[in-house]
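Some notes on the structure that comes next.
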Amino acid sequence: MGKIYNWAILGAGSIAQKFASDLKLLQNANLYAVGSRSTKRAKEFASRFGIEKAYGSYEELVRDKKIDIVYIATYHVQHYPNTILCLNNGKAVLCEKPVAMNKDQCSAMLETAREKKLFFMEALWTSFIPSFRKCKELVDSGAIGKILLIESDFCFKAYYDKEGRLFNPKLGGGSLLDIGIYPVFFALEFAGAPLAIEAFAAYGETKVDESCSILLKHTNDILSVLFCSIVTSGRTEAILHGTRGRIRVNREWHIPSSVDLLPESGKPVHYDFNEPGFGYQYEAEEVMICIEKGFKESPVFGWQKSLNLISTLDSIRAKCGIRYPGEVESL
Ligand SMILES: NC(=O)c1ccc[n+]([C@@H]2O[C@H](COP(=O)([O-])OP(=O)(O)OC[C@H]3O[C@@H](n4cnc5c(N)ncnc54)[C@H](OP(=O)(O)O)[C@@H]3O)[C@@H](O)[C@H]2O)c1
């Protein structure tokens, strides 16, 4: 076996727990440290997942020379400062989505990774899960011909808490950045960065976008119809319509799910995937494979993809007026 990588998790919240559990599935990953703003929370998290080091601050964590890779699992608004902190302390970074609040922040993060010669990747985990890979493979094999239309949504009824991260603008709340990012990612993966965008948002009492509808026009006349919501449930499916049939990534398409190939002629084919864990192990595996090869970015979900994604989100926000405190100028 090759090198065993010492991982650290920054922010002991909800997604951090799922990631910690999946990391245990990888033989060359050692979940070595956790950092929280609270020592108590760090210790509880560490004891739950058998982690050697529990740090009561992010600054303390990054000073630990034994850490190879930090997984950043804090709120959107902290991804930028937390990533810079880690990179400046010599750590490779896997940072939760959205990678930043806007393109300017993302560019600065990538510039720092480049300067420090360190690996950096946005945790766009869907890129690496077997159901999504199957969808890619089917498209590449020409199973549905040329793509004409893309349809995707991500909707769920979130617990309403004005102060919580989903409804609080100060914490980067709203549907687009939290879950709308997935349908936008899907469209960009299959049709590239858009040439034109139309978008509308519906705002709630706390002034965050509770729902968002998006139309994209890509090269070769490919069109995308996308929407997201944190106030109503939805199908959460992704469908590619081609000249010779359709591919549907079934509910909930962004997590390990099933895929249906629905050709215009011939029998439909159903693909099921019964893999262990939540599905976060695949992105973690990618990070270690890349570092092993000396890569600074992933050939599957690299820096340009993060830039295209956040730039598209910026443009959608500009179209429908989604603003966050303190960053109006940068849009
Ligand atoms: N990939 C996925 O499937 C997926 C799923 C859900 C969420 N996410 C992403 O992961 C990130 C975290 O989401 P989550 O659902 O895990 O959130 P969460 O459970 O609320 O946890 C986020 C953590 O951020 C830290 N934090 C730092 N500053 C904070 C502040 N001022 N107020 C509150 N917490 C603060 C806290 O860690 P400490 O207090 O321990 O320091 C908190 O536990 C988001 O960016 C989200 O988009 C990804």
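The values are calculated or read from the model by the stated rules, or taken from the named source; none is laboratory data. Here the structure is a predicted model, which means the values were calculated and not measured. Note that each Cβ is placed from the backbone with ideal geometry, even for glycine, and that neighbours are counted across all protein chains shown. Just the protein is used for accessible areas: all its heavy atoms, side chains included, with ligands, DNA and RNA removed. Shrake-Rupley method; radii C 1.70, N 1.55, O 1.52, S 1.80 Å.
A count restricted to the stretch 93-113 and to residues that are within 12 Å of the ligand (Cβ to nearest atom) and either free of Cβ contacts under 8 Å to residues at least 24 places away in the same chain or of a type outside the set (Gly, Ala, Ser) (or both) stands at 7.
Residue pairs whose Cβ atoms lie under 9 Å apart, sitting 6 or more positions apart in sequence or on different chains, and linking a residue in the stretch 165-190 that is within 13 Å of ARG317 (Cα to Cα) and near the ligand (Cβ under 9 Å from one of its atoms) to a partner that is of a type in the set (S, T, N, Q) and open to solvent by 20 Å² or more (accessible area, probe 1.4 Å), are GLY172/GLN78. Reported count of residues in the stretch 213-248, each being within 19 Å of LEU262 (Cβ to Cβ) and open to solvent by less than 30 Å² (accessible area, probe 1.4 Å), is 9.
Residues of the stretch 229-256 that are under 19 Å from the mean Cα position of the chain (by Cα) and either hydroxyl-bearing (Ser, Thr, Tyr) or assigned to a loop (DSSP other than H, G, I, E, B) (or both): SER229, ILE230, THR236, GLU237, ASN250, ARG251, GLU252, TRP253, HIS254, ILE255, PRO256.
Scanning the stretch 89-98 for residues that are open to solvent by less than 20 Å² (accessible area, probe 1.4 Å), farther than 15 Å from LYS305 by Cα and either within 16 Å of the chain's Cα centre (by Cα) or of a type outside the set (Lys, Arg) (or both) yields a count of 2. Looking across the stretch 22-50, just one residue is in contact (Cβ under 8 Å) with a residue 40 or more places away in the chain and either in contact with a Ser or Thr (Cβ under 6 Å, 6 or more places away or on another chain) or within 13 Å of the ligand (Cβ to nearest atom) (or both), and that is ASP22. Working only within the stretch 62-92, note down all residues that are more than 10 Å from the ligand (Cβ to nearest atom) and of a type in the set (A, V, I, L, M). VAL62, ILE67, ILE69, VAL70, ILE84, LEU85, LEU87, ALA92 - these are the residues of the stretch 62-92 that are more than 10 Å from the ligand (Cβ to nearest atom) and of a type in the set (A, V, I, L, M). Find the residue count for the stretch 103-135, including only residues that are part of a helix (DSSP H, G or I) and among the aromatic types (Phe, Trp, Tyr). The qualifying residues number 3. Within the stretch 99-121, if we keep just the residues that are polar (S, T, N, Q) and out of contact with any Asp or Glu (no Cβ under 6 Å at 6 or more places or on another chain), the residue that is least open to solvent (accessible area, probe 1.4 Å) turns out to be THR112. With the structure loaded, tell me whether ILE291 is more than 15 Å from the ligand (Cβ to nearest atom), open to solvent by less than 50 Å² (accessible area, probe 1.4 Å) and modelled with pLDDT of 95 or more or whether it fails that test. It is true that ILE291 is more than 15 Å from the ligand (Cβ to nearest atom), open to solvent by less than 50 Å² (accessible area, probe 1.4 Å) and modelled with pLDDT of 95 or more.
Considering every residue within the stretch 24-32, establish whether at least one is aromatic (Phe, Trp, Tyr), open to solvent by 10 Å² or more (accessible area, probe 1.4 Å) and at pLDDT 95 or above.
no
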